[in-house]
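A.B. asks: This is the structure I have questions about; it appears just below.
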Amino acid sequence: GVSAVAHRIPCQDMPPTLIRTNRFTSSFQGIVDAYGVGRYREVNPAPYTIITFPFLFAVMFGDVGHGLLMFLFALAMVLTENRPAVKAAQNEIWQTFFGGRYLLLLMGLFSVYTGFIYNECFSRATTIFPSGWSVAAMANQSGWSDEYLSQHSMLTLNPNITGVFLGPYPFGIDPIWSLATNHLSFLNSFKMKMSVILGVTHMAFGVFLSIFNHVHFGQAHRLLLETLPELIFLLGLFGYLVFLIVYKWVNVSAASASSAPSILIHFINMFLFSQNPTNHLLFHGQEVVQYVLVVLALATVPILLLGTPLYLVRQHRHRRNTQRRPAGQQDEDTDKLLASPDASTLENSWSPDEEKAGSPGDEETEFVPSEIFMHQAIHTIEFCLGCISNTASYLRLWALSLAHAQLSEVLWAMVMRIGLGMGREIGVAAVVLVPVFAAFAVLTVAILLVMEGLSAFLHALRLHWVEFQNKFYSGTGYKLSPFTFTVDSD
């Protein structure tokens, strides 16, 4: 009949982290927690991962047919998730797929969307809308004779001839590109530039999220000494690269495409403070803009390197000179702390690891300026060099997307196309296509769905852990372990 008595003793230790999840969000939170459990009240990347992870996966896995198969497989698990037999399955591989069923559901759905963008369904293009290219206009104005057509098996569509190019395809890539011999060259340029744009946008969003951490933890100085210089460095260099890509897409027409300047040469000359006379400028005053952006980016490096350490050293000296208290007063403050019934005022009394030596509750002997400078130097080098390596790392979106498309093309050409051309009669075709389609289906599931899907999943995981989360997420906390009398059966 005696009730439990609990005494609440406030302290300056970092509280544990509790993030409530449901069936849908648990798999996405598991991806984040595998990198590291967030600190108490730190920005949680999981809500943003719900959108960005399936999308980056789908960029590498874009195919309507493959995405639809993955979506239907995940949908079957979602619809049968409450059945006891499904929950009680002991197979580890099945438990892995079942635990991430909602993740697979979104991955498949996003892959269907990007498959429509790429206009690929089992490597075949579909003509949903009329093509924007007119062969008839080319034939009428070029005067192709029967002798010319017999000698040239491949014809070139020139968009500079009136009536050949009718306008952009309404949604995705025009299906006529699937018939073009330079199909791979076109997709190579398109997907490479698309990967750079997505990568810079993703990293800039990660830097922007760090603002909420600094504001919540009362570190306003980091907004000016870290976040702002990081945004200037990232957007001044690689944001400018994205601007050049979009500007060239919009302003260079098909008539001047052969003499269009190279963005890569301009970007290299930007760091060398030079100009290639054979590579024309994209816009007036481009040299001045590039020089100013490079100088601004270089000027942010000393601020990143020395700004926060010097501020902490100055703050520590000011505290040491103005807050010297008698020993008796410290004892009184300790008694008040232990007797306080409310710990809400101490919610922000602990500080992150990098500022632990300079937190108000630490003693003077615990402040080590060399550790502060060393930590900030590592952070600066990691960010500045990481902007280059991380941007290049997003090119895996381009490489994996091309690899998936080419594997699909090879599988169709080596299996289905041969089977479709083996017999013209209905009976022969029916007999031949049964084993051919069976082989095509097995290879599609084994190679393109399982192996390629796992590869794209791992690359998307790396992009979130290394390129995105390290911009704002420390992951140095620990999960809440509630007190319970239940004995763990494991």
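A.B. asks: Within the stretch 129-163, how many residues turn out to be more than 18 Å from H183 (Cα to Cα) and among the hydrophobic types (A, V, I, L, M, F, W, C)?
C.D. replies: 8
A.B. asks: Taking V200, is it more than 27 Å from L402 (Cβ to Cβ) and β-branched (V, I, T)?
C.D. replies: The answer is no for V200.
A.B. asks: A further question follows. Return yes when V32 is in contact with a Pro (Cβ under 7 Å, 6 or more places away or on another chain), surrounded by 12 or more Cβ atoms within 10 Å (Cβ to Cβ), in contact (Cβ under 8 Å) with a residue 24 or more places away in the chain and farther than 30 Å from L411 by Cβ and no when it is not.
C.D. replies: yes
A.B. asks: Could I ask something else about it? Which of the residues belonging to the stretch 444-490 are surrounded by fewer than 11 Cβ atoms within 10 Å (Cβ to Cβ) and polar (S, T, N, Q)?
C.D. replies: If the condition is that a residue be surrounded by fewer than 11 Cβ atoms within 10 Å (Cβ to Cβ) and polar (S, T, N, Q), then S481, T484, T486, S489 are the ones that fit.
A.B. asks: Quick test of your reading of the structure: L448 fulfils all but one of (1) more than 16 Å from the chain's Cα centre (by Cα); (2) closer than 30 Å to N44 by Cβ. Name the failing condition by number.
C.D. replies: Result: L448 passes all but (2).
A.B. asks: Here is a follow-up. Could you list all residues from the stretch 103-151 that are open to solvent by less than 80 Å² (accessible area, probe 1.4 Å) and within 27 Å of G30 (Cβ to Cβ)?
C.D. replies: Once the filter is applied, which keeps residues that are open to solvent by less than 80 Å² (accessible area, probe 1.4 Å) and within 27 Å of G30 (Cβ to Cβ), the stretch 103-151 yields L103, L104, L105, L106, M107, G108, F110, S111, V112, T114, G115.
Yes/no per residue for (1) touching a Cys at 6+ places or on another chain (Cβ under 8 Å); (2) under 22 Å from Q406 (Cα atoms); (3) hydroxyl-bearing (S, T, Y):
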{"residue": "F73", "(1), (2), (3)": "no, no, no"}
{"residue": "T80", "(1), (2), (3)": "no, no, yes"}
{"residue": "G99", "(1), (2), (3)": "no, no, no"}
{"residue": "L109", "(1), (2), (3)": "no, yes, no"}
{"residue": "N119", "(1), (2), (3)": "no, yes, no"}
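A.B. asks: To continue, here is another question. A89 versus (1) open to solvent by 80 Å² or more (accessible area, probe 1.4 Å); (2) modelled with pLDDT under 90; (3) farther than 30 Å from P159 by Cα: which is the lone unmet condition?
C.D. replies: (1)
A.B. asks: Give the stretch 290-301 a look and list any residue that's open to solvent by 70 Å² or more (accessible area, probe 1.4 Å) and free of Cβ contacts under 8 Å to residues at least 12 places away in the same chain, or say none.
C.D. replies: V292, V295, L298
A.B. asks: If you don't mind, there's one more thing I want to ask. Open to solvent by 30 Å² or more (accessible area, probe 1.4 Å), over 35 Å from the mean Cα position of the chain (by Cα) and within 26 Å of S258 (Cα to Cα): is that true of W177 in this structure?
C.D. replies: For W177, the condition - open to solvent by 30 Å² or more (accessible area, probe 1.4 Å), over 35 Å from the mean Cα position of the chain (by Cα) and within 26 Å of S258 (Cα to Cα) - is not met.
A.B. asks: Could you please let me know if L395 is loosely packed, with under 12 Cβ neighbours inside 10 Å and at pLDDT 90 or above?
C.D. replies: For L395, the condition - loosely packed, with under 12 Cβ neighbours inside 10 Å and at pLDDT 90 or above - is not met.
A.B. asks: While we're on this one: Might you let me know whether the stretch 451-469 holds any residue that is on the phi < 0 side of the Ramachandran plot and more than 22 Å from the chain's Cα centre (by Cα)?
C.D. replies: no
A.B. asks: Would you mind stating whether F53 is touching a residue at least 60 places away in the same chain (Cβ under 8 Å), open to solvent by less than 70 Å² (accessible area, probe 1.4 Å), part of a helix (DSSP H, G or I) and not acidic (D, E)?
C.D. replies: yes
A.B. asks: Taking the stretch 158-200 on its own, how many of its residues are closer than 30 Å to Q469 by Cα and either at pLDDT below 85 or out of contact with any Gly (no Cβ under 9 Å at 6 or more places or on another chain) (or both)?
C.D. replies: Of the residues in that region, 13 qualify.
A.B. asks: Which residues, taken from the stretch 2-29, are in contact with a helix residue (DSSP H, G or I) (Cβ under 7 Å, 6 or more places away or on another chain), surrounded by 14 or more Cβ atoms within 10 Å (Cβ to Cβ) and either of a type outside the set (S, T, N, Q) or not in a loop (DSSP other than H, G, I, E, B) (or both)?
C.D. replies: Result: P10, I19, F24, S27, F28, Q29.
A.B. asks: Anything in the stretch 36-50 that is assigned to a loop (DSSP other than H, G, I, E, B) and either surrounded by fewer than 24 Cβ atoms within 10 Å (Cβ to Cβ) or among the small types (G, A, S) (or both)? List them, or say none.
C.D. replies: G36, V37, G38, R39, Y40, R41, E42, V43, N44
A.B. asks: Something else about it: Just checking, which of F217, F212, F233, F205 is under 30 Å from Y311 (Cα atoms), surrounded by 19 or more Cβ atoms within 10 Å (Cβ to Cβ) and touching a residue at least 60 places away in the same chain (Cβ under 8 Å)?
C.D. replies: When all the criteria are applied, what remains is F233.
A.B. asks: Looking at (1) assigned to a helix (DSSP H, G or I); (2) surrounded by 14 or more Cβ atoms within 10 Å (Cβ to Cβ); (3) of a type outside the set (F, W, Y); (4) free of Cβ contacts under 8 Å to residues at least 24 places away in the same chain, which is the only condition Q275 fails?
C.D. replies: (1)
A.B. asks: For the stretch 93-147, which residues satisfy the criterion of being modelled with pLDDT of 85 or more and of a type in the set (D, E, K, R)?
C.D. replies: Once the filter is applied, which keeps residues that are modelled with pLDDT of 85 or more and of a type in the set (D, E, K, R), the stretch 93-147 yields R101, E120, R124.
A.B. asks: Could you check the stretch 293-318 and list, in sequence order, the residues that are among the aliphatic types (A, V, I, L, M) and either within 29 Å of the chain's Cα centre (by Cα) or outside any helix (DSSP H, G or I) (or both)?
C.D. replies: L293, V294, V295, L296, A297, L298, A299, V301, I303, L304, L305 - these are the residues of the stretch 293-318 that are among the aliphatic types (A, V, I, L, M) and either within 29 Å of the chain's Cα centre (by Cα) or outside any helix (DSSP H, G or I) (or both).
The values are calculated or read from the model by the stated rules, or taken from the named source; none is laboratory data. Note that the structure is a prediction, hence the values are computed from the model and not measured. Using ideal geometry, Cβ is built from the backbone for each residue, glycine included, and neighbour counts are taken over all protein chains shown. Please note that ligands, DNA and RNA were not included when accessible areas were found on the heavy atoms of the full protein model with its side chains. Shrake-Rupley method; radii C 1.70, N 1.55, O 1.52, S 1.80 Å.
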